[in-house]
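See below for the structure under consideration.
The values are calculated or read from the model by the stated rules, or taken from the named source; none is laboratory data. If you're wondering where the values come from, they're calculated on a predicted model, not measured in any experiment. Ideal geometry is used to build each Cβ from the backbone, glycine not excepted, and the neighbour counts take in all protein chains shown.
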Amino acid sequence: MGKKSLEELQKANLPKATAESVGIEISGKDEQIGRRIFDNYFSIFVCPKSTDSENGSELLGSQKCIACDSRLDGMLGMFQWELAHGEGSCCECGYLSRAIHKIQDEKGEDFASLGFTILQYHPDELHRKEEESDADSV
């Protein structure tokens, strides 16, 4: 399968990630606050696209790139780290991701952190650099 363009992905109306789609269970007296903070943070990412691994092994991974369908996680994963802390991309197509998450509350104070959880940026949150330079020249 070929790589999907940013424009194709933006037209696809992909669901945004939520605490539930990322696998975070929230309960207790502060459930509403926690859900609001997590869902606000995760809204810049696409809901993780998961597939069944071939033989049920977590080592093989289950998450695929939304742009090119390459496996991102697991032993054969195509995720690569970038220069910015926690940021990365798909080795095959370069679609941007974040794997280290420092989540802050509304006051900017540390709320939670997630280690190595690959989430790809939602296509609606991305734009091409050419669009920026075109706008500057107008």
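Miscellaneous remarks
- Note on the stretch 15-32: residues that are part of a loop (DSSP other than H, G, I, E, B) and either more than 12 Å from the chain's Cα centre (by Cα) or at pLDDT below 85 (or both) amount to 8.
- Any pair with Cβ under 7 angstrom, 6 or more apart, that starts in the stretch 20-31 at a residue that is surrounded by 10 or more Cβ atoms within 10 Å (Cβ to Cβ) and ends at one that is part of a loop (DSSP other than H, G, I, E, B): S21/C47; S21/P48; V22/P48; V22/T117
- Any hit, the stretch 58-69, residues being assigned to a strand (DSSP E or B), modelled with pLDDT under 90 and not basic (K, R): yes
- Residue within the stretch 33-49 that is on the phi > 0 side of the Ramachandran plot and either modelled with pLDDT under 85 or assigned to a loop (DSSP other than H, G, I, E, B) (or both) present: no
- Filter result for E54 (out of contact with any His (no Cβ under 9 Å at 6 or more places or on another chain), outside any helix (DSSP H, G or I), among the charged types (D, E, K, R) and modelled with pLDDT of 70 or more): no
- In the stretch 86-124, the qualifying residues are those that are in a strand (DSSP E or B) and of a type in the set (A, V, I, L, M, F, W, C), and the one that is surrounded by the most Cβ atoms within 10 Å (Cβ to Cβ) is C90.
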